[in-house]
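One structure is given here, and the rest of the page talks about it.
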Amino acid sequence: MTRPRYLPGDLAVWLLILAELAVFALLFVGFAVARAFDPATFAAGRAELHPGVGLASTLSLIVASYLVATATVGYRRGRDGTAVRLWLALLVSLAYTLGKLWEYGQLYGAGYHLGSDTFFMFYFFLTFFHFLHVVVGQGVLLALARKARRPWQDDRDTNAMESGACYWHMVDLVWLALFPLLYVVA
Amino acid sequence: MKYQSQAVAKPYFIFALILFAGQILFGLILGLQYVVGDFLFPEIPFNVARMVHTNLLIVWLLFGFMGATYWLVPEEAQTELHSPLLAKVLFWVFAVAGTLTILGYLSVDYATLADLTYNNLLPTMGREFLEQPTITKIGIAVVAVGFLYNVGVTALKGRKTVVNIVLMTGLFGLVVLWLFAFYNPSNLTLDKYFWWFVVHLWVEGVWELIMGAILAYILIKLTGVDREVIEKWLYVIIAMALISGIIGTGHHFFWIGPPEYWLWLGSVFSALEPLPFFMMVLFAFNMVKRRRRNHPNKAALLWALGTSVMAFLGAGVWGFLHTLAPVNYYTHGSQITAAHGHMAFYGAYVMIVLTIISYAMPIMRGRPYGNSATAQAMEIWGFWLMTLSMVCITLFLTGAGVLQVWLQRMPDAGEALSFMATQDRIALFYWMRLVAGAFFMGGLVVYLGSFLIKGEAPEPALEGAAARA
Amino acid sequence: MILTLMILIVCTALPVLLANAGLQGLLPLVLAMILIKAWLVVDRFMELRHAPRHWRWAVQAWAPMVVLAVIVAGGW
C-alpha cells in the first residue's frame, strides 16, 4: 500500500460511532451478566423468538451494507449507479424493518412486553434501540441517494457519502453481534 | 462590545455574583450546623438554610445563564437585541421576586409561607429544590417566557450560528421542563417522576447544551480556531449528552417504585454520561493547542479549561462512582451524593458562568482585551482558591460518605449503626469540610476583590487585529 | 467486496442452521463467527483497512472486547 492512510468520512461521525459502540457494548455486558444470574428465564425467552425471521433480517442488513459499501467506492471513482445501489440498499433493508415489526407484533400478541422478565426487557430494549438506529440509517440512505442523483463533478465532496455509509455499517456491525447473542446462544 | 444592547448582561452578572456570595454564606452556616447542630436555632434551622443554599444556587445560575445569553446571542446573530427594555424590566421582576422569596424563607416558617402565598389554590410547594411558592414559580415561568421571546426573536432575525441554535435549544428545553414543576400528583411515585423531569433533565440534559454552547463561544473568541471545527465538536458533545442523559434519567428511578428494567437502563445509560464531559475536556484543550491567537485575557482561558476538567471530574467521575444500581443500592442519598452534587454544580455550571463573566465583564467595563495583569493575577488566585477548596470539600464528603456507607448501610440489620450514631462517627470529615468551605469563601472574596482593581490589558502588539475579531 | 458479502452470509447462517439441526455447544463457534464478521465489516465495508492505524484498531477492538466481556461477565 503506497497511498496515504485515510479515514473515510467525518471525524465527528467516527466519534459518534465510537460512542454508539460503547453504548451497545455496555448493554451486551449487562445482558451477559443478567443471563448468568438467571439462565432459565433467558433460555425460555429465547425459545419464544423467531430465529428464521432474525436470520432473514440479518441477511437483509448484510446485503444492504454490501450495496452501500460498493456505492461509496463507485461514487468516489465517479461511476454511475450510486443512487440505484443506495435505493436498492434501502429497499433490502426494509426486510429487516418489516421482520422486526412482525416479530414485535407476534410477541406482543403472545403477551410479552418490556416488563415481562429480564430477558424480554433486554430483547425489547436492545432490538428497539437498534431498530431506531436502522430507521435513522434509512433516512440517511434516502438523503444520500437523492444527493447522488445530482450530475457528477470532479471536485465533489465524498465526505457526506462516506460518513453516512460508515454510520450504516456501524448499525450493521452492532446487529451482527446482537443477533447471535439474542437469538442463538441466549 | 460589538452591540450596545449586549450591555444588558451586566446587571444579570452582578446580581448573580451577589447571590453567589449569599449561597456560600449559607453554605458555611450549613457546614457549621452539621457539627454544631443548634447553631442559629431557632432563627435559621438547618432545613431553611439548606433551602436557601440550594435555591440561591439555582437562581444565580439562571441569572448567569440569562446574562450569558443576552451577551452572546446578539453577537452571534450579528444584530442588536430585540428589546433591551424588556430585558431590563425582566431583570428587576426576577430580582425582586427572587429576593422576596428568599426573605420569605428566612422570615416566616415554611407552612406560613405556603398559606401566605395561597399554595392551597395550586399546591406545588414542599419538594426539594422546587420549594418556591407557587406565585414565584409562575413569576419564573413568565420571566422565562419573556426572556425566551426576546432572545428568540433576536436569534431568528440575525445570523443563525450553531452556537445560537444549541443555546436556544437548551434554553427552550429549560423553560418547557420547568412546567413540570407545576404538576404535583398525589401519588408519590408519579410525583417523583415529574420532579426528576425538571431536576434531572435540567442538569443532566438541557443545561449541558447551554454549557456546551457557552464553552464553544468562549473558545471561538479566545483561540481563534475556525468556527466550523468548534461547531463540529459541539454537535458531537450535545448528541452524546442527550443520548446518555435522557435515558440516564433512569438512575433516579431505581428505588421509587417503577418497573425493574430501570435498574438496567439507568445503569447502562448513565454510565455513559461521563462521555460528553470527557469530550469537553478534549475539546477545550485541543482548541487551545490549535489556537491561532494568544488572547490577553488569560483568566478567562483558565476558567474555560478549568470548567471542562472540573465538570468531567464532578459530574462525570463522581457521578459514575455511584450511578450503577448495585452500588447505588448502598450509597443512595449518602454523603457521596453530596460530594458529587458539590463538585458537579461547581465544575459544570458555576465555572461556566464565571468563565463568561470573566470574558464579558471586562469588555462591558471598557477593557476590550481584559483586565490589567494585577487584576487577572488576583482573579486567578480566586480561581485556584475556590477550585482547590471545592476539591477538598468533595474529597472530605466522599470520605464521610464511604465511612457512612460502611457503618450504616453495609452491615446486617441488627449490627448497622443508626443514622445519627453514624453522623457522630464521621464528624471529623464534616469539620474538615467546614474548613475547606471557609477557604472557598476566602477564594470568593479574592475573586470579587479582583473586580475592584483598575486598569486594562494592553492591546496585543502583533495580533491586535486578530484579537479584535 | 462480493467475496466479503458471501463470507458474511455463510458466517451468519452457519450457526443458525447448526442450532436448528439440534447441535449443542455452539457458543465457541458463534463467538468466532462474530469476530470474523466484525473484522470484515470494519476492514472492508467501513474501509478502515486503509485508515490511520489507531482508528482501525480502535474500531477493530470493539468486537473482541465485547466477546471477551460477554464470556467473562456471563461466566460462559
Once ligands and nucleic acids are excluded and a 1.4 Å probe is used, how much of A:Thr118 is accessible, expressed in Å² to the nearest 10?
40 Å²
Buried solvent-accessible surface, both chains (C, A), 1.4 Å probe, Å² to nearest 100:
3700 Å²
Normalised Cα Rg of the stretch B:1-160, dividing by 2.2 N^0.38 Å with N its residue count, works out at 1.19
From highest to lowest solvent-accessible area (probe 1.4 Å; ligands, DNA and RNA excluded), B:Ser334, B:Ser418 read B:Ser418, B:Ser334
Counting only protein heavy atoms, probe 1.4 Å: which residues of the stretch B:252-283 lose 40 Å² or more of accessible surface in the full assembly compared with their chain by itself?
B:Tyr261, B:Trp264, B:Leu265, B:Val268, B:Phe269, B:Leu272
Total Å² of accessible surface buried at the B-A contact, 1.4 Å probe, nearest 100?
1500 Å²
Per DSSP helix of 4 or more residues, -39500 (n - 2.57); summed, then divided by the residues of the protein assembly as shown. What does that give at 222 nm, rounded to the nearest 500?
-24000 deg cm²/dmol
Sequence-distant residues sharing a close amide H with B:Leu130 (under 5 Å, placed H)
none
Tell me the net charge near B:Ala155. Cut-off is 12 Å between Cβ atoms, B:Ala155 excluded, with +1 for each Lys or Arg and -1 for each Asp or Glu.
+1
Cβ-defined net charge surrounding B:Ser267, 13 Å radius [Lys, Arg +1; Asp, Glu -1]
-2
Scoring chain B by relative contact order with C-alpha pairs under 8 Å, at least six apart, yields a percentage of 14 percent
Please give me the summed charge of the neighbours of B:Leu305: other residues whose Cβ is under 12 Å from its Cβ, Lys and Arg +1, Asp and Glu -1.
+3
Evaluated at 10 °C with a viscosity of 1.306 mPa s, what Stokes-Einstein diffusion coefficient in µm²/s does the protein assembly as shown have when Rh comes from the Kirkwood expression over alpha-carbon pairs?
56 µm²/s
Where in chain B are the helices, taken as whole DSSP H runs, whose Cα atoms extend 27 angstrom or more along the long axis and whose Kyte-Doolittle mean reaches at least -0.5?
B:9-35, B:46-77, B:84-107, B:134-157, B:227-248, B:373-404, B:427-449
Sorted by chain and number, the residues with a modelled amide H under 5 Å from that of B:Glu456, at a separation of 5 or more or across chains, are B:Ser372
The stretch B:1-160, relative contact order [Cα under 8 Å, separation at least 6], %:
31 percent
Using the membrane-span-like helix rule (whole DSSP H runs, Cα extent along the own axis of at least 20 Å, mean Kyte-Doolittle hydropathy at least 1.0), which helices of chain A qualify?
A:11-37, A:51-76, A:118-148
Could you please state, rounded to a whole Å, how far the C-alpha centre of the stretch B:119-177 is from the C-alpha centre of the stretch B:3-78?
17 Å
Rounded to the nearest 10 Å², what accessible area does A:Lys147 have for a 1.4 Å probe in the complete protein model?
70 Å²
Rounded to the nearest 10 Å², the 1.4 Å probe accessible area of A:Arg79 is 130 Å²
Residues of A:5-12, mean number of Cβ from any other protein chain within 10 Å of their own Cβ, rounded to a whole number?
6
Suppose accessible area is computed on protein heavy atoms with a 1.4 Å probe; arrange C:Leu68, C:Leu48 from highest to lowest.
C:Leu68, C:Leu48
Given the pairs B:Lys232/B:Lys289; B:Lys157/B:Lys289; B:Lys88/B:Lys160; B:Lys10/B:Lys221, which span a C-alpha to C-alpha distance of over 27 angstrom in this model?
B:Lys157/B:Lys289
Measure off, as a whole percent, the carbon and sulfur share of the 1.4 Å-probe accessible area of the protein assembly as shown, all protein chains present.
69 percent
Using the heavy atoms of the protein chains alone and a 1.4 angstrom probe, what is the accessible area of the protein assembly as shown per residue in square angstrom?
41 Å²
Where the centre of each part is set by its Cα atoms, how far does the stretch B:211-290 sit from the stretch B:326-375, in angstrom?
16 Å
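The values are calculated or read from the model by the stated rules, or taken from the named source; none is laboratory data. Since the model is a prediction, treat every value here as computed from it, not as a measurement. FYI the Cβ positions are ideal-geometry reconstructions off the backbone, even for glycines, and counts take in every protein chain you see. For the accessible areas, the whole protein counts, side chains as well, though only heavy atoms, and no ligand, DNA or RNA atoms are used. Shrake-Rupley method; radii C 1.70, N 1.55, O 1.52, S 1.80 Å.
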